[in-house]
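Peer 1: Dropping a structure here in structure tokens format, bear with me for questions.
The values are calculated or read from the model by the stated rules, or taken from the named source; none is laboratory data. In this text the structure is predicted, and so the values were computed from the model without any measurement. Here Cβ is always computed from backbone atoms with ideal geometry, including for glycine, and neighbour counts include all displayed protein chains. Protein only, heavy atoms only, side chains kept; ligands, DNA and RNA dropped before computing areas. Shrake-Rupley method; radii C 1.70, N 1.55, O 1.52, S 1.80 Å.
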Amino acid sequence: MIERLSGDDLMSLDGDHGTVPMQVGAILWFGPDAPGVDALVEHLAGRLPAVPRLRQVIRRTPLGCGRPIWVDDAGFRLAGHLSVAPVEDPQQVDRLALDLLAVRLPRNRPLWAGRIVTGPDGSVLALVLVVHHVLADGLAALALLGALADGADVPAPAFPRPVPSRRDLTMENLRGRVAGLRTLPMVARQLVMAVRLLVAGGAAPRTSLNRPTGTRRVVYSVSRELETVREAAHASGGTINDAALAVVSGAVRRLLAGRGEDVAELVISVPFAFHAPGGAEGNASAVMPLRLPATGELAARIRGVADVTAAAKRRPRAMTNALLRPGFALLVRAGLFHRFIDSQRTVNTLVTNVRGPVAPLVLAGRPVTRLVPLTSPTGNLTVAFVVLSYAGRLSITTIADPDACPDLDALAAALADDLDRLSRPL
């Protein structure tokens, strides 16, 4: 079986030239009954076959053999990716996770790294996992975590599998090219829709949110009961996603007001997943820039956001990345990509919304009590948000450059205030 990188995968590789790598991750917190280090290592070793990408590397193909492929890493060793990191204080876990997120993963190895974090007494506090965006984007990373959790026995296929021959690659590439011709009309329509989608939002308001970022990041997470947020959102005529976007837009407006900037609306980039034509594997995602209201009472903002998202959902979802990738590749080759992302004026910030499992994940027989998603704003996006529902809780995690966004405490307080309002009748 030949597993090729998708178009979005290639864009992730081509675009990984910013001040921070294009990597995502998570902190999986355990409670007092956490598994031991040896038990957790043994568990992860047994679950690796459930996620083949964790033992695969990217290999370029000869001329005429098509896109790069995924192949099994014959020299794979779990110890080369997973290690134990002791800390004196649990508050140090966030810093350790962000430091790991900021280290570029070597391209000649499987693109992930993990740390089992232990406390002063040697007990496990958390598991930190980081993967490159090409392996799993923010919307797919949760499925990866689910595959690593306790579950049915994982079959152990032969490893490593043989590398495809040049003849096999050439023939498979030719078949793919022929099959691709049938999808050209559909792809052409999607490209037109992609252009319309990208220009629909127009230029984003000029604010201090958009300035070049450095290499440092900080993270803050606030959470509330999911059912309470759901009831409040429905009472205002919106969904949980609408309520979360309304909370973020209002909190960002308050942040900007504290800086002396007055904005009535913001353009927020919202990633979404879709099925690529032809059943292509790998990342299949696009961005939906939404111009959202940032003023008014929370209930009114939720109704306003619901109107915007409802209209956006009626538009066919387009393969915006299929449009962006060739342009990004040209910018990379010309040495202009970094300048482009440092000066874009399309969006003010990014909000990724991930629906997690209703019940806690279980690793080595022990529940993961809290899950903190990690991503990193790059270019001139000084702050980004991840909205996650997990085990009956809704959390909004903020990741920001502390040098470009020194007033993060004010933003965190604004998020907490609006989430508290959702806990009371609107």
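Peer 1: Of the conditions (1) at pLDDT 95 or above; (2) in contact with a helix residue (DSSP H, G or I) (Cβ under 7 Å, 6 or more places away or on another chain); (3) not in a helix (DSSP H, G or I), Leu415 satisfies every one except a single condition; which number is it?
Peer 2: It is condition (3) that Leu415 fails.
Peer 1: Suppose we filter the stretch 378-422 for residues that are open to solvent by 40 Å² or more (accessible area, probe 1.4 Å) and hydrophobic (A, V, I, L, M, F, W, C); how many remain?
Peer 2: Adding up the residues that qualify gives 2.
Peer 1: Assuming Leu63 fulfils every condition listed in (1) modelled with pLDDT of 95 or more; (2) under 28 Å from Leu174 (Cβ atoms); (3) in a loop (DSSP other than H, G, I, E, B) apart from one, which condition is it?
Peer 2: Exception for Leu63: condition (1).
Peer 1: Right, Gly176: touching a residue at least 12 places away in the same chain (Cβ under 8 Å), open to solvent by less than 50 Å² (accessible area, probe 1.4 Å), touching a helix residue (DSSP H, G or I) at 6+ places or on another chain (Cβ under 9 Å) and at positive phi or not?
Peer 2: no
Peer 1: Report yes if some residue within the stretch 233-240 is assigned to a helix (DSSP H, G or I) and under 20 Å from the mean Cα position of the chain (by Cα); otherwise report no.
Peer 2: Looking through the stretch 233-240, at least one residue is assigned to a helix (DSSP H, G or I) and under 20 Å from the mean Cα position of the chain (by Cα).
Peer 1: Being closer than 25 Å to Gly46 by Cα, open to solvent by 70 Å² or more (accessible area, probe 1.4 Å) and touching a helix residue (DSSP H, G or I) at 6+ places or on another chain (Cβ under 8 Å) is the filter here; which residues of the stretch 67-106 pass it?
Peer 2: Passing the criteria: only Val84.
Peer 1: For the stretch 123-147, name all the residues that are farther than 25 Å from Ala400 by Cα and modelled with pLDDT of 95 or more.
Peer 2: Ser123, Val124, listed by residue number.
Peer 1: Report whether or not Asp99 is of a type outside the set (A, V, I, L, M) and assigned to a loop (DSSP other than H, G, I, E, B).
Peer 2: Considered against the rule, which asks whether it is of a type outside the set (A, V, I, L, M) and assigned to a loop (DSSP other than H, G, I, E, B), Asp99 comes out as no.
Peer 1: While we're here: Let me confirm something: among Pro425, Pro367, which residue is at pLDDT 95 or above, out of contact with any strand residue (DSSP E or B) (no Cβ under 7 Å at 6 or more places or on another chain), open to solvent by 10 Å² or more (accessible area, probe 1.4 Å) and not charged (D, E, K, R)?
Peer 2: Pro367
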